[in-house]
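Chemist: One structure, pasted below without further comment.
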């Protein structure tokens, strides 16, 4: 079953003093293009989290967000006591005032607060990993559901191509007859003696030149191969894209050899269906 590269996953965990939210959004891309947003204090774990995401999502333009909201008492900033005391001493020398008033003034001065950066708690990091795995599970379910929609669309269009090819096969004898009649008429209009054997040889040459038997067989095989690959266990957008290119090659060759308006009209319809497949193929994992 194929997967879409479009998806969304989100998971929230509540710790004693923090609320942590993990979000994943993905769109189509030729390779994995991962953009990570997280608080600077968590950057030390970014590489590990990126590897976890890459092993699950494989391809796509992915936005990963780690959002941390403090919900309890957790002071990361502390008063720089030595600096405050110096400020209070200097302020007391300049103007009279009680200690409380001097303290209020000192705390407004630069460098009176210092932020202590702490390492991520192991238990907290384990919770973040768990949340990320849950979000990855959600986004992969989303991708699979979108993939099912794409698969149905592809199968409908492949059936349409098979039906158009069947019509091509049906009118091919009429096309060959039409080509022969046009060549006969062209020779007759020349009003010159023509060696019958030589003419028959030339006629066979042109009919072989316009013959599309091989293209019809190859196109049938490519359509069948596309359907089988579509139903395989793995999602392989690149392989399906290659098969669609081969389908296009055979359709173009039939069009160039057709030399017959009704068949060329069918070829135009086939190209239109294939173009829609290629557009959707850009979003397949």
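Chemist: Answer yes if at least one residue in the range 237-253 is in a loop (DSSP other than H, G, I, E, B) and either modelled with pLDDT of 85 or more or in contact with a helix residue (DSSP H, G or I) (Cβ under 6 Å, 6 or more places away or on another chain) (or both), and no otherwise.
Modeler: no
Chemist: May I pose another question? Based on this model, can you work out whether residue 178 counts as buried (at least 16 other Cβ atoms within 10 Å of the Cβ), in a helix (DSSP H, G or I), assigned by TED's automatic domain parsing to the domain that holds residue 234 and at pLDDT below 90?
Modeler: Yes; evaluated as a whole, the condition is true for this residue.
Chemist: Still on this structure, please answer the following. Going residue by residue through the range 254-270, is there one that turns out to be closer than 22 Å to residue 152 by Cβ and outside any loop (DSSP other than H, G, I, E, B)?
Modeler: Yes: one or more hits.
Chemist: Could I ask something else about it? Answer yes or no as to whether residue 2 is over 30 Å from residue 127 (Cβ atoms) and assigned to a loop (DSSP other than H, G, I, E, B).
Modeler: yes
Chemist: State yes or no: is residue 53 touching a strand residue (DSSP E or B) at 6+ places or on another chain (Cβ under 9 Å), assigned to a helix (DSSP H, G or I) and either at pLDDT 95 or above or surrounded by 10 or more Cβ atoms within 10 Å (Cβ to Cβ) (or both)?
Modeler: Answer is yes for this residue.
Chemist: Pick from 83, 62, 12: which is in contact with a helix residue (DSSP H, G or I) (Cβ under 9 Å, 6 or more places away or on another chain) and in a helix (DSSP H, G or I)?
Modeler: The match here is 83.
Chemist: Quick one: residue 93 ticks every box in (1) in contact (Cβ under 8 Å) with a residue 12 or more places away in the chain; (2) farther than 30 Å from residue 25 by Cα except a single one, so which number is it?
Modeler: Evaluating residue 93 over (1) in contact (Cβ under 8 Å) with a residue 12 or more places away in the chain; (2) farther than 30 Å from residue 25 by Cα leaves (1) as the failure.
Chemist: Now for a separate question. (1) surrounded by 13 or more Cβ atoms within 10 Å (Cβ to Cβ); (2) touching a strand residue (DSSP E or B) at 6+ places or on another chain (Cβ under 9 Å): which one isn't true of residue 78, the others all being true?
Modeler: For residue 78, the failing item is (1).
Chemist: Let me ask something additional. Return a yes/no flag: does the range 17-24 have any residue that is under 30 Å from residue 231 (Cα atoms) and either part of a strand (DSSP E or B) or touching a residue at least 60 places away in the same chain (Cβ under 8 Å) (or both).
Modeler: Looking through the range 17-24, at least one residue is under 30 Å from residue 231 (Cα atoms) and either part of a strand (DSSP E or B) or touching a residue at least 60 places away in the same chain (Cβ under 8 Å) (or both).
The values are calculated or read from the model by the stated rules, or taken from the named source; none is laboratory data. Because the structure is predicted, anything quoted here is derived from the model rather than measured. Here Cβ is always computed from backbone atoms with ideal geometry, including for glycine, and neighbour counts include all displayed protein chains.
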